[in-house]
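Contents: one structure, followed by commentary.
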Amino acid sequence: MYLAKDVFLVAGISRSGIAATEFLLSHGAKCYIFDELVSETVSASMSALAAKGAIEVKPEEIENIIPLIDVLVLSPGIPIDNRVPIAAKKAGKRIIGEMELAGLYSTCPIVAVTGTNGKTTTCSLISDILQTAGVKHILAGNIGVPFTSKLSETDENTVAVTEVSSFQLETMHSFSPHIAVVTNVSEDHLSRHYNMQNYVYLKSKLLFNLKESEFAVLNYDDFIVRGFSEKTKGNVVYFSAKEKADGAYLQDGVIYFRGEAVMERSLIRLGGEHNLYNILAAVAVCKLLKLENNVIAEGIIGFKGIKHRIEYIKTAGGVDYYNDSKATNVDSTLKALEAMDKPAVLLLGGKDKGQDYDGLFRACGEKNVAKVILYGETRYKMLKSAERAGFENFCVATDLFAATHLARSEAKAGQCVLLSPACASFDEFTGYEQRGDKFAEIVGNFT
């Protein structure tokens, strides 16, 4: 693309859309901006971008604008089957996303992490290790900071650690990281991607453009992810908690990389098997980046986890409260339950993403679950799943506030309350962060 000569349309004025527009304008591009959502926030963002030179497009004008553009930059919040990308495709226009745009103009080595769960923790852990090692790097992507907004801070000696979602992968065609990581793949976002086959395909797309000099770091213990080794030309490096794989693995309480001891597992503060996999993935990445074992171990030991992921809030009335608002799918919630060492009162609910919850309730009947509180838009779908699974130990509440107070009344001293919703948050909140913050605020008033 020739930024100063091509004409762009940025659809979706959220964080990524704003960053993409500002990047394009800073390089002299002619840039139209469009968003179907009507809100004060979007209007303010559109006006701010227009003041910098962007051209606002009204909904009734969009069909007339598409023939005038060369490239559509689609925000990840807009599905690829939305009317705007469909019209652009019919008109023969190039369709990319903000991450793809950043990748095209990045000069730095990229570590890209995707997967159903563990992306944010793995990226944050890699970032902390790089910080410990004194390596210049940025942390960007689906983690909340658009890659284009960080490009000006990078050079060929900067490592870009990026989290990549399935939504972003929809518009990726040439993105080619130096190291691509796939943490795991389980059912998620099927309301957007229609079926598991499409979702698996999107996750594998991260590996398509790897060259022989680049690396695919794959979870050996995940059958689907292990199969991705056949979809890439990159050097495959595995991580495993069960096998002596060619890469990072656990054996006799020690984490190894290709036969070399890196650190003792007993030194790790993060609990849960899911975090062991995140650590193994990070070890593989950092060894490929030629970091020393003592530095890797120091970074892992000092890592305290991320906000909204099995985050301890407080103990009130002898009950421990945990915020796992980031658990927006069934598999993530199951992993959170496995990390609990006390009987849990579990808060489930929010906006459905097309998942099957029957297996979750069968697991609740087998695990150390004292009670389940169902709330939000998906509570009745979950109730039916619980009934099919033969799980009867549940209550129903309308919203998160009511559910949290109900959980408080149900929980007994020596138990814990776990917000791990297995659903998106958009029935009540703008994102899982706002949901987790609200939960912490409610619990903060408990004594």
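No value in this document is a laboratory result; all are computed from the given coordinates. Note that the coordinates shown come from a computational prediction; the quantities given were computed from them, not determined experimentally. Every residue, glycine among them, receives a Cβ derived from its backbone with ideal geometry; neighbour counts consider all protein chains shown.
List of remarks:
- Looking only at segment 213-240, and only at residues there that are among the polar types (S, T, N, Q) and closer than 19 Å to TYR201 by Cβ, the one that is surrounded by the fewest Cβ atoms within 10 Å (Cβ to Cβ): SER229
- Looking only at residues of segment 36-90 that are of a type in the set (S, T, N, Q) and buried (at least 17 other Cβ atoms within 10 Å of the Cβ), we find that the one that is nearest to VAL7 (Cα to Cα) is SER75.
- All positions within segment 378-402 that are touching a residue at least 24 places away in the same chain (Cβ under 8 Å) and surrounded by 19 or more Cβ atoms within 10 Å (Cβ to Cβ): THR378, ARG379, MET382, SER385, ALA386, PHE391, ALA397, LEU400
- When the residues of segment 91-139 are filtered to those that are more than 15 Å from THR154 (Cα to Cα) and of a type in the set (D, E, K, R), the one that is surrounded by the fewest Cβ atoms within 10 Å (Cβ to Cβ) is ARG94.
- Of all residues making up segment 203-221, the number that are within 17 Å of HIS274 (Cα to Cα), free of Cβ contacts under 8 Å to residues at least 40 places away in the same chain and not aliphatic (A, V, I, L, M): 1
- Here segment 422-445 is the region considered, the condition is being aliphatic (A, V, I, L, M) and within 16 Å of the chain's Cα centre (by Cα), and the residue that is surrounded by the fewest Cβ atoms within 10 Å (Cβ to Cβ) is ALA424.
- Residues that are under 22 Å from GLU433 (Cβ atoms) and under 23 Å from the mean Cα position of the chain (by Cα) number at least 1 in the following strands (runs of 3 or more DSSP E) confined to segment 235-326: 311-316, 319-323.
- The lone exception for ASP188 - which of (1) surrounded by fewer than 22 Cβ atoms within 10 Å (Cβ to Cβ); (2) out of contact with any strand residue (DSSP E or B) (no Cβ under 9 Å at 6 or more places or on another chain); (3) of a type outside the set (Gly, Ala, Ser); (4) within 19 Å of VAL164 (Cα to Cα) it fails: (1)
- Single residue of segment 104-133 satisfying the filter (among the polar types (S, T, N, Q) and assigned to a helix (DSSP H, G or I)) that is nearest to ILE13 (Cα to Cα): THR120
- A Cβ distance below 9 Å, combined with a sequence gap of six or more or placement on separate chains, defines the contacts here; from segment 411-439, residues that are more than 13 Å from GLY350 (Cα to Cα) and free of Cβ contacts under 8 Å to residues at least 40 places away in the same chain reach residues that are of a type outside the set (S, T, N, Q) and outside any loop (DSSP other than H, G, I, E, B) in the pairs LYS438/LEU400; LYS438/PHE401.
- Subset of segment 21-76 (residues that are among the acidic types (Asp, Glu), more than 24 Å from GLY144 (Cβ to Cβ), touching a helix residue (DSSP H, G or I) at 6+ places or on another chain (Cβ under 9 Å) and in a helix (DSSP H, G or I)): GLU63
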